[in-house]
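To start, the structure under review is shown below, and the notes come after it.
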Amino acid sequence: MKGDNGHSRPLQMQQSDSREGEAANRSKLENSMRNSYWLGGTRLYIIEGHTDTGGLYDLVEAWFPSGAQVSPHVHRRYDEQIYVLDGEFTVWTGKRAHKTALRPGNDIIIPAGTPHAVHVTRSGPGRALVVASPSAFARLIAQIGTPDEGEQPPSSTATETDLLLRLSAEAGDEILGPPGALPDFRQSSAPK
């Protein structure tokens, strides 16, 4: 292998470069794993968070297992955009629970203060990009989620309910019902 000056570099240097490259790849993987969490059976990978964007937005890739149902909830402090990469999702929004079907390439913008629920509606898993603006969602994921240690969900992805409710409230989020429920969104409390 030729060095910068055109002379051959010793084999020892080439092996060192290879080890450095492997270490860099390992470090990159470890960093990505630190940004990946399980929450309610869903894998959430924080691509960009508060420190990356100056608090302007969060960008999260979400992997939902087949049949996943996200509890009805409302974000009081940030807008949410869901862009579907794989699978099919049904999203209910607003006080009248308007139903929208989303397929790959479709998106929906959910303004702050809008109650909504999300379900994966096809037999396969679903994958989507989620943008929250301004930033708050990624911090909530990192505080509540279980760090991702590999390809499989952890043996227990249960989230402590009191912690979830407290940290959600701090982020300006309110959970309106259990997963799978489509409550009368008109029962949600007034904006805070």
### Message
Pairs please, first residue from the stretch 74-103 and within 23 Å of A136 (Cβ to Cβ) and of a type in the set (F, W, Y), second anywhere and at pLDDT 95 or above and part of a loop (DSSP other than H, G, I, E, B), Cβ atoms under 7 Å, 6+ apart in sequence or on different chains.
### Response
Y78/A112; Y78/P134
### Query
Restricting the first residue to the stretch 172-189 and requiring it to be over 23 Å from V120 (Cβ atoms) and in a loop (DSSP other than H, G, I, E, B), which pairs with a second residue that is among the basic types (K, R) and at pLDDT 70 or above meet a Cβ separation below 7 Å and a spacing of at least six or different chains?
G172/R76; G172/R77
### Task
Check every one of the strands (runs of 3 or more DSSP E) wholly within the stretch 52-158 and list those with 3 or more residues that are buried (at least 18 other Cβ atoms within 10 Å of the Cβ) and modelled with pLDDT of 95 or more.
58-64, 79-86, 126-133
### Task
Answer with yes or no whether L182 is at pLDDT 80 or above and of a type outside the set (D, E, K, R).
no
### Task
Report yes if some residue within the stretch 1-16 is surrounded by fewer than 18 Cβ atoms within 10 Å (Cβ to Cβ), modelled with pLDDT of 60 or more and at negative phi; otherwise report no.
no
### Task
Determine, yes or no, whether Y45 is over 17 Å from D173 (Cα atoms), surrounded by fewer than 21 Cβ atoms within 10 Å (Cβ to Cβ) and among the aromatic types (F, W, Y).
yes
### Task
For the stretch 76-86, state whether one or more residues are more than 25 Å from T161 (Cα to Cα) and more than 15 Å from the chain's Cα centre (by Cα).
no
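The values are calculated or read from the model by the stated rules, or taken from the named source; none is laboratory data. Everything numeric here is computed off the predicted structure, so don't read it as measured data. Here the Cβ is made from the backbone with ideal geometry for all residues, glycine too, and neighbour counts use every protein chain on show.
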